[in-house]
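Asker: Attaching a single structure in structure tokens format; questions to follow.
The values are calculated or read from the model by the stated rules, or taken from the named source; none is laboratory data. Model, not experiment: these values are computed from the prediction. For neighbour counting, all protein chains shown are included, and Cβ atoms are generated from backbone atoms with ideal geometry for every residue, glycine included.
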Amino acid sequence: MLKYWRFLFFLCLFGACSKEASVPCRHPITHVLLVSDAVSSRASAYIDSNKIIETEESVYFVYLDSDFNVAIQKFDKKTQLLSEPFLIGNTYDNHGNPTIQIDDNGYIYVMYGGHANEMFLATTIAPYDISNWKKETITIDDMILTYPVFTVISDKLFLLLRTQEGGGKGDVLFFMSKDINSVEWKRKALFCGNHDKWVKNHEILYRMDGYNRFYANMSYSNGRIHISFQNLEYVPQRYSNVDEGGLNSCCVGYIYSDDFGDTWKSFTGRELVKYPATPSDLDLVNGYPEPVDDKPQYFTSNLNIFDHSPVLMYHEMTKNTSELVISRLEGGKWNKHYIDYKLLLKDFYVVQETSCSIDKTGNLYVLLTVVDKEDFFHTSRWGTPSSRLMYMVCDPQYNILKLEPVISEDHELTWLPNLGKSNQENQFFIFMQGNNSSDNLEKVRNKLWFGWIGWE
């Protein structure tokens, strides 16, 4: 195995320089720092929630410690030192999923909680000061809230939440907004899966609880709010292309709003007339409104904006292979490009939880979660012992410049990456190593790493 990684390193290093280069050749390189050895089994989860913000001088990041406390730390770019952690609040289990944003005045916002319990929004009392916070509780009637995704635009907050009413009804992706100083949230049900349709047609489902996982992502650019998502749900038993629990992700979707969420459109410009929309109501980025047995499943990464155009990474996964796709919306059409990582990672397959960013010159940075052949073909692929984290850098034409392990340790589960959406040269990230506890309430001691991809 060690010989393989050495070969991979020199192969990528050689390929990073072009003969036609008009400037001295530089190579992407990673730097990593151990943050803690006492974090939860979902400390850096999930890719849909932004966990890193950046100012000119500092980087701030959030995570869950072993006791399910939401922790925040600051990294000084000049000294390359980490601050001590500050604990903002406590969550019920390992799905507390903290996410962070900052406004134009330097006030920092952290949202956390949910997963069948209260959800909180914490805001710093003073700009850039992570030692003192005020908090408010977020509720939608009697609904269960989880997996927050939010952004700050001027003096407004915009939020995505997965909600569930209970009683076997399907989950719904909600969009919410408010003025920063207001307590009142506007809300709109945006998207749901096929659960209600299948129930009404008396289909026999793998599970009846109507579970959906959207992995929704939100970005803002030039007056437009962009949202991407997938549709992972329990499907009827007549479908064969499911994971071992009966879940299928049949499509990747995208919608946008030019009026701060009052109305929404598909990428073709067609306005949504039904809320919440189902896959059948949308022009899909890829996939099908319902599962198709001989077609792939689709798992999205985080959404980026380059030159005001949305860029979405996802992978197409069948029982036999996993293809990595980068797609950009131009002229009302998604231009799709396959990134051929298999020549460099012939014994590994890309799976869920892949995080990406794009710098101001168009270079693409990716943290890839991969598993070996045995786990890909014979397990659920989620948090398996062979899970490893690779970093990949591509040029603006998506040619691979470098692909290698983030860290050299080859014996411990490494996964759940979260890459900041910086357009600068250094791309900051966090990830974790250790125990993948199946019990949400189990308190474990895992490792959390902080790092960045730079050039030399």
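Asker: Quick check on this structure: which one of H337, H308, H315 is within 19 Å of M218 (Cα to Cα) and surrounded by fewer than 17 Cβ atoms within 10 Å (Cβ to Cβ)?
Answerer: Details: H337 fails: within 19 Å of M218 (Cα to Cα); H315 fails: surrounded by fewer than 17 Cβ atoms within 10 Å (Cβ to Cβ).
So the residue among H337, H308, H315 that is within 19 Å of M218 (Cα to Cα) and surrounded by fewer than 17 Cβ atoms within 10 Å (Cβ to Cβ) is H308.
Asker: Given the conditions (1) out of contact with any Lys or Arg (no Cβ under 6 Å at 6 or more places or on another chain); (2) without any contact (Cβ under 8 Å) to a residue 40 or more places away in the chain; (3) assigned to a strand (DSSP E or B), and given that K402 satisfies all but one, which numbered condition is not satisfied?
Answerer: Failed condition: (2).
Asker: Return a yes/no flag: does region 180-196 have any residue that is out of contact with any Gly (no Cβ under 9 Å at 6 or more places or on another chain), hydroxyl-bearing (S, T, Y) and assigned to a strand (DSSP E or B).
Answerer: No: region 180-196 contains no residue that is out of contact with any Gly (no Cβ under 9 Å at 6 or more places or on another chain), hydroxyl-bearing (S, T, Y) and assigned to a strand (DSSP E or B).
Asker: Pairs under 9 Å by beta carbon, first residue in contact (Cβ under 8 Å) with a residue 40 or more places away in the chain and under 13 Å from N446 (Cβ atoms) in region 62-77, partner among the small types (G, A, S) and in a strand (DSSP E or B), six or more apart or different chains?
Answerer: Listed by first residue and then by second, the contacts come to Y63/S36; Y63/A71; S66/S36; S66/A38; D67/A38.
Asker: From the list S240, S309, S266, S301, pick out the single residue that is touching a Phe, Trp or Tyr at 6+ places or on another chain (Cβ under 7 Å) and touching a residue at least 12 places away in the same chain (Cβ under 8 Å). Walk me through how you get there before you give the answer.
Answerer: Details: S240 fails: touching a Phe, Trp or Tyr at 6+ places or on another chain (Cβ under 7 Å); S309 fails: touching a Phe, Trp or Tyr at 6+ places or on another chain (Cβ under 7 Å); S266 fails: touching a Phe, Trp or Tyr at 6+ places or on another chain (Cβ under 7 Å).
The conditions single out S301.
Asker: OK, next. Could you grab me the full set of residues in region 156-185 that are of a type in the set (D, E, K, R) and farther than 18 Å from R224 by Cβ?
Answerer: Of everything in region 156-185, those that are of a type in the set (D, E, K, R) and farther than 18 Å from R224 by Cβ turn out to be R162, E165, K169, D171, K178, D179, E184.
Asker: Any idea which residue in region 163-186 is modelled with the highest pLDDT, counting only those that are of a type in the set (D, E) and within 25 Å of the chain's Cα centre (by Cα)? Working first, answer last.
Answerer: Here is the first cut: in region 163-186, the ones of a type in the set (D, E) are 165, 171, 179, 184.
Going one step further and asking which of them are within 25 Å of the chain's Cα centre (by Cα), we end up with 165, 171.
On the way: E165: 66, D171: 91.
Among residues in region 163-186 that are of a type in the set (D, E) and within 25 Å of the chain's Cα centre (by Cα), the one modelled with the highest pLDDT is D171.
Asker: Condition (residue is within 21 Å of L160 (Cβ to Cβ) and of a type in the set (K, R)) applied to region 251-268: is it met by at least one residue?
Answerer: yes
Asker: Pairs please, first residue from region 331-344 and free of Cβ contacts under 8 Å to residues at least 60 places away in the same chain, second anywhere and assigned to a strand (DSSP E or B) and charged (D, E, K, R), Cβ atoms under 6 Å, 6+ apart in sequence or on different chains.
Answerer: These pairs meet every condition: N335/R328; Y338/E323.
Asker: Take the residues of region 203-243 that are among the small types (G, A, S) and in a strand (DSSP E or B): which is surrounded by the most Cβ atoms within 10 Å (Cβ to Cβ)?
Answerer: S228
Asker: Restricting to region 425-443, what's the tally of residues that are assigned to a loop (DSSP other than H, G, I, E, B) and closer than 16 Å to S387 by Cβ?
Answerer: The qualifying residues number 5.
Asker: Report those strands (runs of 3 or more DSSP E) wholly inside region 69-136 carrying at least 2 residues which are at pLDDT 95 or above, among the charged types (D, E, K, R) and out of contact with any helix residue (DSSP H, G or I) (no Cβ under 9 Å at 6 or more places or on another chain).
Answerer: 69-76
Asker: So which pairs qualify, if the first residue must be in region 189-217 and on the phi > 0 side of the Ramachandran plot, the second must be basic (K, R) and at pLDDT below 95, the Cβ gap must be under 6 Å, and the two must be at least 6 apart or on different chains?
Answerer: That search, which allows pairs on different chains as well, returns G210/K169.
Asker: Now, a different point. On the given criteria, is I53 over 30 Å from D439 (Cβ atoms), within 17 Å of the chain's Cα centre (by Cα) and touching a residue at least 60 places away in the same chain (Cβ under 8 Å)?
Answerer: It is true that I53 is over 30 Å from D439 (Cβ atoms), within 17 Å of the chain's Cα centre (by Cα) and touching a residue at least 60 places away in the same chain (Cβ under 8 Å).
Asker: Among what's in region 408-424 and is in contact with a strand residue (DSSP E or B) (Cβ under 6 Å, 6 or more places away or on another chain) and either part of a loop (DSSP other than H, G, I, E, B) or not polar (S, T, N, Q) (or both), pick the residue that is nearest to R42 (Cα to Cα).
Answerer: L416
Asker: Out of G253, G223, which single residue is in contact with a Leu (Cβ under 7 Å, 6 or more places away or on another chain) and under 22 Å from G332 (Cα atoms)?
Answerer: G253
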